[in-house]
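Comments concern the structure below.
The values are calculated or read from the model by the stated rules, or taken from the named source; none is laboratory data. Bear in mind that the values here come from a model prediction, so they are computed numbers and not experimental data. With ideal geometry, Cβ positions are generated from the backbone for all residues, glycine too; neighbour counts draw on all protein chains shown.
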Amino acid sequence: MFDLIIRNAEIADGLGSPLRHAGVAVKDGRIAAIGRDLGQARETVDAKGLVLAPGVIDVHTHYDAQLTWDSTASPSPALGVTTVVIGNCGFGIAPATPATRDILLKNLSEVEAMSLDALRQGVDWQFDDFSSYLDFLAKRGVYPNVASFCSHSALRTVVMGDAGSEREATADELAKMSAMFDAALKAGAIGLGSSTFENHNGYGGIPVPSRLASDDEFRALARIMAKHGHGVTMATCGDRSPISFMEELAALSGRPVIYCPLLDYPTKPERAPGVSAACADARSRGHAVYAQASCQPLNMNFTLLNAYLLTTIPPWPTHGDAEHHRAQFSDPAFRAAFKRSLATPAEGGRVFNGTWHLMEVTLSPTQPALEGRTIEEIARERGVDPVDTLLDIGLADDLQTTFIVRLLNVDEKRVGDLIAEDGNLVSLSDAGAHLTLFCDAGYAMHLLGRWVRELGRFSLPHAIRKLTGDPAHIYGILDRGRIEVGAWADLMLFDPQTIHVSKARRVADLPAGANRLIRSAPGLHGVWVNGTKVFDGKDYVKVKPPGQVLRQFSTAKPTLAMPLARAAE
């Protein structure tokens, strides 16, 4: 007798095959049979013609801290996700020593816009090295499966302390980091997470430690990975790290290298297609270089007290209380300097470049008539510069105004071309980070609702493959991302006619009473991890956390030579 049978489903297998009307039987957490006459089970679900697909594999999350207090990794499983990869961009919390714990949290709070109070109260430090971190997660329990990068910035912080954000490593320091990375790969790291992105700054505006790593340091760590024969390098890159260097790391390690982020910049429409083409050229030479792309517009909510998107434009204040910010924003010299910086062409992919027509007021306590209007429109009406308009509105509301800006990925034609490329992973949720600014954890639901149903740009089988089979294959995640006999039963059941991601709503459920934005997925009827239901379409199911902390990965070199289900034109 099977443990579970889901009957009468339209099966999207994660490999791009046409939909198949059948049922799926589960035994001991794995798919045991697929067909129409499957016999008996302890639990039976009638899918009633809904689509049954593999659960989403989200390869770009930041749940490293949250998982130490929240086994569910909310809101991801409620958005179809059954496997998360953490430690992205090198912003993990392991390894850590008592002396470096607060440094890691302070940098994480700044670069990923998290509440420092929530991190300090919430993180349960029952670990020190990478191996004990994975042990702790497994013992505590996780709802989704979890794979973790070893954090480059954590390595540098533990070995170098504050100097990790100030200089390159000495030969002795690099030897210590290499030994720690070697141990992490032995313990089950999926690879190395890092960043050289110029916009990635830690607490007080200092660079995150990995930005100070030399190219030779990256080469040394790539050689360590080559010894193990498994793993992935992911790096969030600015102008310093071209695709040619990513290709060199792929050649040295013999393993995939993931470039991030691949986003359409309104002011630089040629940027992303150039990166995509360079990655494809590297693959044509036999080097596994891929890119992470987003299928969603990058919208960011902010106030002038937490204007993350503006902190990389000097002299915008990166710290200080409300009184300090009010004094700065009222100072004509500050305003003039900020306008000069904004007018200067930026290197390194600065995300905001004066697109005032894409920024609007969403909530004004004292000026409700401004809500829904763009800064460009209000500035034109007032006859003043948009910078002055933004600051004047905020000051009039005692810095309580909420703004929203559509930053990147605004042009759906260009975005569609990027995500349709087979070597570009649909990803970049940033789930677990930027909690008060946006929530993109539902990117898969957006792909299915917007790009498949509304736009018809993708067939449903192809979209499911982009979300499941492709990331599993490229990252070497074994026996997941597909519906086949023997694969783990990570599944989601949804209505293709209604599936979509909701608007964000704010909840205050973090440690220290901190708030965050979350979304839901109308049309999602159920999610199973290793054969156990974790989400019933309305809420999380209270069960013993069924997820696995993944520690073994494929040593095969990924290709995209498997038959493809092409996008519907």
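Among the residues of segment 240-255, those that are in contact (Cβ under 8 Å) with a residue 40 or more places away in the chain, in a loop (DSSP other than H, G, I, E, B) and surrounded by fewer than 24 Cβ atoms within 10 Å (Cβ to Cβ) comprise Arg240, Ser241, Gly254. Taking segment 110-222 and the helices (runs of 4 or more DSSP H) fully enclosed by it, the elements with 2 or more residues that are among the acidic types (Asp, Glu) and over 27 Å from Arg350 (Cα atoms) are at 171-187. Residues in segment 372-424 that are outside the structural domain of Val275 (by TED's automatic domain parsing), small (Gly, Ala, Ser) and in a helix (DSSP H, G or I): 3 in all.
Scan segment 316-334 for residues that are in contact with a helix residue (DSSP H, G or I) (Cβ under 7 Å, 6 or more places away or on another chain) and either surrounded by fewer than 16 Cβ atoms within 10 Å (Cβ to Cβ) or of a type in the set (Gly, Ala, Ser) (or both) and the total you get is 2. When segment 75-98 is filtered for residues that are more than 21 Å from Asp135 (Cα to Cα) and out of contact with any Ser or Thr (no Cβ under 6 Å at 6 or more places or on another chain), the ones remaining, listed by number, are Pro75, Ser76, Pro77, Ala78, Leu79, Gly80, Val81.
Can you name the residue in segment 220-239 that is in contact (Cβ under 8 Å) with a residue 60 or more places away in the chain and surrounded by fewer than 24 Cβ atoms within 10 Å (Cβ to Cβ) and is also farthest from the chain's Cα centre (by Cα) among such residues? Per the criteria, the residue is Gly229. Filtering segment 256-315 to residues that are buried (at least 16 other Cβ atoms within 10 Å of the Cβ) and of a type in the set (Ser, Thr, Tyr) leaves Tyr259, Tyr265, Ser276, Tyr290, Ser294, Thr303, Tyr308, Thr311, Thr312. A single member of Thr157, Thr196 is of a type in the set (Ser, Thr, Tyr) and touching a Pro at 6+ places or on another chain (Cβ under 8 Å), and it is Thr157. Of Asp411, Asp417, Asp479, all but one fail to be acidic (Asp, Glu) and in contact with a Phe, Trp or Tyr (Cβ under 6 Å, 6 or more places away or on another chain); the exception is Asp479.
Considering segment 453-569, the qualifying strands (runs of 3 or more DSSP E), each wholly inside and each with 2 or more residues that are β-branched (Val, Ile, Thr) and touching a strand residue (DSSP E or B) at 6+ places or on another chain (Cβ under 7 Å), run over 524-529. Among the residues here, Tyr308 does not qualify as under 19 Å from the mean Cα position of the chain (by Cα), at negative phi, modelled with pLDDT of 95 or more and of a type in the set (Phe, Trp, Tyr). Number of residues in segment 518-537 that are within 30 Å of Met300 (Cβ to Cβ) and over 24 Å from the mean Cα position of the chain (by Cα) equals 0. Scanning segment 311-349 for residues that are within 33 Å of the chain's Cα centre (by Cα) and of a type in the set (Phe, Trp, Tyr) turns up Trp316, Phe329, Phe338. Take the conditions (1) closer than 25 Å to Leu524 by Cβ; (2) not in a helix (DSSP H, G or I); Leu67 misses just one of them, which is (2).
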